[in-house]
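Engineer: One structure coming up, written as structure tokens, with questions to follow.
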Amino acid sequence: MNSINHAPDLRTREAPLDIGGEAFRKLGHQVVDDIAEFLDGLSQRPVTTGESPQTVRKLLGADTLPQRGSAPDALLDEAADLLFDHSLFNGHPRFWGYITASAAPIGMLADLLASAVNPNVGAAVLSPVASEIEAQTVRWIADLIGYPRTCGGLLVSGGNMADFVCFLAARKSKAAWDLKQEGLTGGNQRLVAYVSRETHAWINKAAELFGMGAKSVRWIETNADQQMDTVALERQIVADRADNHLPFLVVGAAGTVSTGAIDPLPEIAAICKRYDLWFHVDGAYGAPAAVLPGSPPELLGLREADSIALDPHKWLYSPLEAGCSLVRDPNHLLETFSHHPAYYNFDGTQDDPPINYHEYGLQNSRGFRALKVWLGLRHVGRDGYIQMIGDDIALSEALSRAVGGCSELQVVTQSLSITTFRFIPPDLSDDPAVVGEYLNKLNEELVNRLQASGEAYISNAVVDGKYLMRACIVNFRTTLSDVEALPEIVIRLGTTLDTEMRPESLRSNRGIV
Ligand SMILES: Cc1ncc(COP(=O)(O)O)c(C=O)c1O
């Protein structure tokens, strides 16, 4: 390869990307000032501008890779304006869509600090203090929810990845043959996983992408409260064994994505023991609620799990991205993920073995995600999380009461910090035999209109064929006046929509209560 020497003298090299200390300080101060002002004014902005992708794309200007660089101060100013004026703000007090938290300010600064030092947390020797901070973070997350602190674990990008890590460890542990050598075809049995109908779509991806196929997942029925029916679970396990399949995993939910339902985790734990299955808890959303004094036994059953997925970027309010896998016996992670290529010199000494995180999960080079989580835990401590999570739940209950007090709105579920409800025009029946699909269409369009309005942001759930509005509060900026404002907004937009959308067949006294 020809080396093209652009620099006249490489002894005094000036790399175009480098920024000296003095200039960096100036730029950094400006960025931090802009962020502080943005945070102070966040509640005055719309939650989103609701602009179309095309409109936003045009803001980026000419779509050609620049040949030459530009001054960083102007670039950072421009980027800040773009982000502050054209984003959806999950840190807004009225953002209650999906399960994305307001980001802890200390986490924002932690990310800057982490990327300044830029440790590679794949191997301890490459990230001495960062690896120890990650290990302590894992122990503290376990402590927070009452899981054994001797567990293994690591930080990953989010819930999907956290669940995948546990899924793979479960499969390696329970396969009756040498899965690493023989692969899935090594045994003559199909490995089967059991999940409730309300399980997040990560399980579809896991089954499809890790070579097992969608047919390896048994979707167990739920009861009226969206919890797994454990009688149906046991029946299915027995039937699969009789068919010479190999049941290996049951996933219980500590807070389902749609309604926050908590599966009967102690009962699932007992079934797993009885049939020698791996018990995984998907607590991506709800596991941190186990820190609350007086948590229900169904939730505290997560302490019996073989593994847990929990997302700091949900109810620990870390900035994206931060998920966490906890596995009761760390050896299961090593047996699943550890490899020792000849070019790694990471082993250390036997009497003081290092934690090399590349051996615990799917990633090789890894960023320092743990810092923002660790600093959040230190900033407010256990008490701070008890207060914030408890307040989010209290606000969700207050929302449920506020919605329940309106004749145009019907509360459908309330669990953890999720409330689902729907808009029913007071002169209409809610019986599908009378109104057909109209209420579903009306509520679906209402969610779209509300999302685009910027007044508040909620998402949707579908429960028993009903299209519902869904507000999930994982937001330490939300106040009681924010949640109390929602019913009026929904009724106002819903009433306008109803006049636009209602079919002739349901006008003038037909379909009317
Ligand atoms: C219960 C549950 N599991 C898994 C996930 C996936 O998490 P992520 O989006 O961080 O991958 C979610 C997301 O909302 C969830 O609620």
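Engineer: Which members of region 122-143 meet the condition of being open to solvent by 10 Å² or more (accessible area, probe 1.4 Å) and touching a helix residue (DSSP H, G or I) at 6+ places or on another chain (Cβ under 7 Å)?
Structural biologist: Scanning region 122-143 gives Ala124, Ile133, Gln136, Trp140.
Engineer: A further question on this structure: Of these, Leu300, Leu334, Leu249, which one is away from the ligand (no atom under 11 Å from the Cβ) and in contact with an Asp or Glu (Cβ under 6 Å, 6 or more places away or on another chain)? Lay out the reasoning, then the answer.
Structural biologist: On the way: Leu300 fails: in contact with an Asp or Glu (Cβ under 6 Å, 6 or more places away or on another chain); Leu249 fails: in contact with an Asp or Glu (Cβ under 6 Å, 6 or more places away or on another chain).
Sole residue among the options that is away from the ligand (no atom under 11 Å from the Cβ) and in contact with an Asp or Glu (Cβ under 6 Å, 6 or more places away or on another chain): Leu334.
Engineer: If you don't mind, there's one more thing I want to ask. Please go through region 144-163 and give me each residue that is in a helix (DSSP H, G or I) and either surrounded by 23 or more Cβ atoms within 10 Å (Cβ to Cβ) or aliphatic (A, V, I, L, M) (or both), ordered by number.
Structural biologist: Pass one, region 144-163, residues in a helix (DSSP H, G or I): 144-145, 159-163.
Leu144, Ile145, Gly159, Met161, Ala162, Asp163, listed by residue number.
Engineer: Follow-up. Those residues that are within 12 Å of the ligand (Cβ to nearest atom) and either touching a residue at least 60 places away in the same chain (Cβ under 8 Å) or over 15 Å from the mean Cα position of the chain (by Cα) (or both), I need them from region 183-205; list them, please.
Structural biologist: Of everything in region 183-205, those that are within 12 Å of the ligand (Cβ to nearest atom) and either touching a residue at least 60 places away in the same chain (Cβ under 8 Å) or over 15 Å from the mean Cα position of the chain (by Cα) (or both) turn out to be Val195, Ser196, Glu198, Thr199, His200, Trp202, Asn204, Lys205.
For every residue, the table says whether it meets (1) without any contact (Cβ under 8 Å) to a residue 60 or more places away in the chain; (2) outside any helix (DSSP H, G or I).
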{"position": "Ala394", "(1), (2)": "yes, no"}
{"position": "Cys406", "(1), (2)": "no, yes"}
{"position": "Val411", "(1), (2)": "yes, yes"}
{"position": "Arg422", "(1), (2)": "yes, yes"}
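Engineer: Which of the residues spanning region 164-183 are open to solvent by 10 Å² or more (accessible area, probe 1.4 Å) and in a helix (DSSP H, G or I)? Working first, answer last.
Structural biologist: In the first step, residues of region 164-183 are kept if they are open to solvent by 10 Å² or more (accessible area, probe 1.4 Å); the result is 164, 168, 171-183.
Those that are open to solvent by 10 Å² or more (accessible area, probe 1.4 Å) and in a helix (DSSP H, G or I): Phe164, Leu168, Arg171, Lys172, Ser173, Lys174, Leu179, Lys180, Gln181, Glu182.
Engineer: Are any of the residues in region 374-395 polar (S, T, N, Q) and crowded, with 16+ Cβ neighbours inside 10 Å?
Structural biologist: No, region 374-395 has no match at all.
Engineer: Mind telling me which of the residues Gly61, Gly69 ends up being exposed (fewer than 10 other Cβ atoms within 10 Å of the Cβ), outside any helix (DSSP H, G or I) and over 33 Å from the mean Cα position of the chain (by Cα)? Spell out how you get there, then give the answer.
Structural biologist: On the way: Gly61 fails: over 33 Å from the mean Cα position of the chain (by Cα).
On inspection, the qualifying residue turns out to be Gly69.
Engineer: Among the numbered criteria (1) near the ligand (Cβ under 10 Å from one of its atoms); (2) hydrophobic (A, V, I, L, M, F, W, C); (3) crowded, with 24+ Cβ neighbours inside 10 Å, which one does Val327 miss?
Structural biologist: All conditions are met except number (1).
Engineer: Take Ala207 and decide whether it is at pLDDT 95 or above and either open to solvent by less than 10 Å² (accessible area, probe 1.4 Å) or under 20 Å from Val463 (Cβ atoms) (or both). Walk me through how you get there before you give the answer.
Structural biologist: On the way: at pLDDT 95 or above: yes; either open to solvent by less than 10 Å² (accessible area, probe 1.4 Å) or under 20 Å from Val463 (Cβ atoms) (or both): yes.
So Ala207 fits the description; yes.
Engineer: Might you check whether a residue that is modelled with pLDDT of 95 or more, open to solvent by 30 Å² or more (accessible area, probe 1.4 Å), closer than 23 Å to Arg502 by Cβ and of a type outside the set (D, E, K, R) occurs anywhere in region 462-470?
Structural biologist: yes
Engineer: Of the residues in region 107-121, how many are surrounded by fewer than 21 Cβ atoms within 10 Å (Cβ to Cβ) and under 22 Å from Thr479 (Cβ atoms)?
Structural biologist: 1
The values are calculated or read from the model by the stated rules, or taken from the named source; none is laboratory data. As the structure is a prediction and not an experimental result, all values here were calculated from the model. Here the Cβ is made from the backbone with ideal geometry for all residues, glycine too, and neighbour counts use every protein chain on show. Each accessible area value is taken on the protein alone, full model and side chains, heavy atoms only, with ligands, DNA and RNA left out. Shrake-Rupley method; radii C 1.70, N 1.55, O 1.52, S 1.80 Å.
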